[in-house]
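*Asks:* Structure provided below as structure tokens; questions to follow.
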Amino acid sequence: MRQVLKFALVGTTGFAVDVSIFTVLTLGLSLPIEWARVLAFLVAALVTWFGNRHFTFGSAKTNYFASECRRSLIVSCITGLINITIFKGMTLYSAEHLFVYVAFICGVLAGMIFNYLLSAWWVFNLKSA
């Protein structure tokens, strides 16, 4: 349970990075929401991988940095696809400013669940999640 809480803390940090970058790119730089969402996600994925490697799964991190990094990128792409698909599907319903953030949160939560499971099982190769 402690590991899940650590994962959630790292995820919360990643979420703050994600939503901050998304907001700057859409409101500050007027990027289309799809581009802003992808760019914000990539930065947040890097932040959360680093946090999970050193904080959540620190005792399980491998000595094979390149392999672990590759696996993490694959997991990020899979969970990012889930995240962004939910986001895009919901924003097809409404692109109203507040609803965009509801879609954002729903995508992040779905991605987070799959990210934890795949990270514990495959990226950091833990026996139990």
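The values are calculated or read from the model by the stated rules, or taken from the named source; none is laboratory data. Predicted, not measured: the structure shown is a model, and the values here were computed from it. Here the Cβ positions follow ideal geometry from the backbone for every residue, glycine too, while neighbour counts run over all protein chains shown.
*Asks:* Quick check on region 101-121: of everything there that is of a type in the set (Gly, Ala, Ser) and over 16 Å from residue 35 (Cα atoms), which residue is surrounded by the fewest Cβ atoms within 10 Å (Cβ to Cβ)?
*Replies:* Residue satisfying both the conditions and the ranking: 110.
*Asks:* Condition (residue is under 23 Å from residue 97 (Cβ atoms) and β-branched (Val, Ile, Thr)) applied to region 53-63: is it met by at least one residue?
*Replies:* No, region 53-63 has no match at all.
*Asks:* With (1) more than 11 Å from the chain's Cα centre (by Cα); (2) surrounded by fewer than 19 Cβ atoms within 10 Å (Cβ to Cβ); (3) under 20 Å from residue 119 (Cα atoms) as the list, and residue 42 as the residue in question, which single condition is left unmet?
*Replies:* (1)
*Asks:* Name the residue that is modelled with the lowest pLDDT, counting only residues in region 23-61 that are within 19 Å of residue 123 (Cα to Cα) and β-branched (Val, Ile, Thr).
*Replies:* If we take residues in region 23-61 being within 19 Å of residue 123 (Cα to Cα) and β-branched (Val, Ile, Thr), then 48 is modelled with the lowest pLDDT.
*Asks:* Identify all residues within region 33-75 that are of a type outside the set (Lys, Arg), in contact with a helix residue (DSSP H, G or I) (Cβ under 8 Å, 6 or more places away or on another chain) and not in a helix (DSSP H, G or I); write none if there are none.
*Replies:* The answer is 57, 62.
*Asks:* Go through region 74-100 and count every residue that is surrounded by 14 or more Cβ atoms within 10 Å (Cβ to Cβ), over 11 Å from the mean Cα position of the chain (by Cα) and of a type outside the set (D, E, K, R).
*Replies:* 5
*Asks:* Here is a follow-up. Hey, can you tell me all the residues within region 20-39 that are buried (at least 17 other Cβ atoms within 10 Å of the Cβ) and either farther than 19 Å from residue 105 by Cβ or of a type in the set (D, E, K, R) (or both)?
*Replies:* Those that are buried (at least 17 other Cβ atoms within 10 Å of the Cβ) and either farther than 19 Å from residue 105 by Cβ or of a type in the set (D, E, K, R) (or both): 31, 37.
*Asks:* Go through region 24-50 and give me each residue that's in contact with a Gly (Cβ under 7 Å, 6 or more places away or on another chain) and touching a residue at least 40 places away in the same chain (Cβ under 8 Å).
*Replies:* Hits for region 24-50 are 41, 48.
*Asks:* Still on this model: Among the residues of region 78-88, are any in contact (Cβ under 8 Å) with a residue 60 or more places away in the chain and among the hydrophobic types (A, V, I, L, M, F, W, C)?
*Replies:* No, region 78-88 contains no residue that is in contact (Cβ under 8 Å) with a residue 60 or more places away in the chain and among the hydrophobic types (A, V, I, L, M, F, W, C).
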